[in-house]
Structure formats: structure tokens, C-alpha cells
Amino acid sequence: MGTGVSEDAGAEVTSRRSDSTVGSCADENFLAGGYDEGMLDWTQCLAVERKADKLSGAWVFKDTRVPVKALFENLESGATIDNFLEWFPGVTRQQVEAVLQHAERSLIEA
């Protein structure tokens, strides 16, 4: 399925991020990468998927090649959800909202 997202989504993510550091956060481990390294159980979020042959098995928004990690990196850098949706047209607002709600629930339960 065509998403309008380049095969090199990771490089695009890097170009959108600023060099600013994370400010005061409730859980810096989460913002520093825990969302992609097993801290959250993404298997319970229907808006994402993970396949060994897609972006080396990284969690991505379903039916895209956009890593979930890209959302958090862009938000950390000051992007809005609308910016993210503009930059990654294969991702829907419903997917973003589902991912953020899942992350919030997971942090509350932790």
C-alpha cells in the first residue's frame, strides 16, 4: 500500500529534529527512547505494527514505514501533531491519537 512516505523515513526524521535537549519531563527514559526499546507493550496498540522485514523490526504506524519513535522525537523537538501529520502523510490523526493514548495509559500503569 502506498503511503506517500519515502523508504528513507529515518533520515527524514533526523532532518526534522532540532538539536535542543529534552526539558523537564516526568520520565526522561520514556522520552529518551524507552518508547522504542521495550518500555511500552506496543502489542496492545492496534495503530502500530512490527515486522522483521520492515525497518529492521522497529514499531511503525500500521500500513506505513513511519517509525513510532518519529512521533515522539518530533514532539520532543517542538513539532505539533499537525506538523507531524503534514510531514508524514501516510499516518492518520487517529493513529497518532491511539499511540499517544496508549503511551499515556502505559505510563500511568507503570
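The values are calculated or read from the model by the stated rules, or taken from the named source; none is laboratory data. No experiment lies behind these values; they were computed from the predicted model shown. Here Cβ is always computed from backbone atoms with ideal geometry, including for glycine, and neighbour counts include all displayed protein chains.
Structure data summary
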quantity: Condition met for Glu97 (part of a helix (DSSP H, G or I), modelled with pLDDT of 95 or more and surrounded by fewer than 13 Cβ atoms within 10 Å (Cβ to Cβ)); calculated: yes
quantity: Failed condition for Asp63, given (1) part of a helix (DSSP H, G or I); (2) surrounded by fewer than 20 Cβ atoms within 10 Å (Cβ to Cβ); calculated: (1)
quantity: Criterion violated by Met39 - all others in (1) in a loop (DSSP other than H, G, I, E, B); (2) surrounded by 15 or more Cβ atoms within 10 Å (Cβ to Cβ); (3) modelled with pLDDT of 80 or more satisfied; calculated: (3)
quantity: Failed condition for Leu75, given (1) assigned to a loop (DSSP other than H, G, I, E, B); (2) buried (at least 16 other Cβ atoms within 10 Å of the Cβ); (3) at pLDDT 50 or above; (4) aliphatic (A, V, I, L, M); calculated: (1)
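Here's the yes/no breakdown for (1) at pLDDT 50 or above; (2) under 12 Å from the mean Cα position of the chain (by Cα); (3) among the aromatic types (Phe, Trp, Tyr); (4) surrounded by 17 or more Cβ atoms within 10 Å (Cβ to Cβ):
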{"position": "Thr14", "(1), (2), (3), (4)": "no, no, no, no"}
{"position": "Ser20", "(1), (2), (3), (4)": "no, no, no, no"}
{"position": "Gly23", "(1), (2), (3), (4)": "no, no, no, no"}
{"position": "Leu46", "(1), (2), (3), (4)": "yes, no, no, no"}
{"position": "Asp53", "(1), (2), (3), (4)": "yes, no, no, no"}
{"position": "Phe88", "(1), (2), (3), (4)": "yes, yes, yes, yes"}
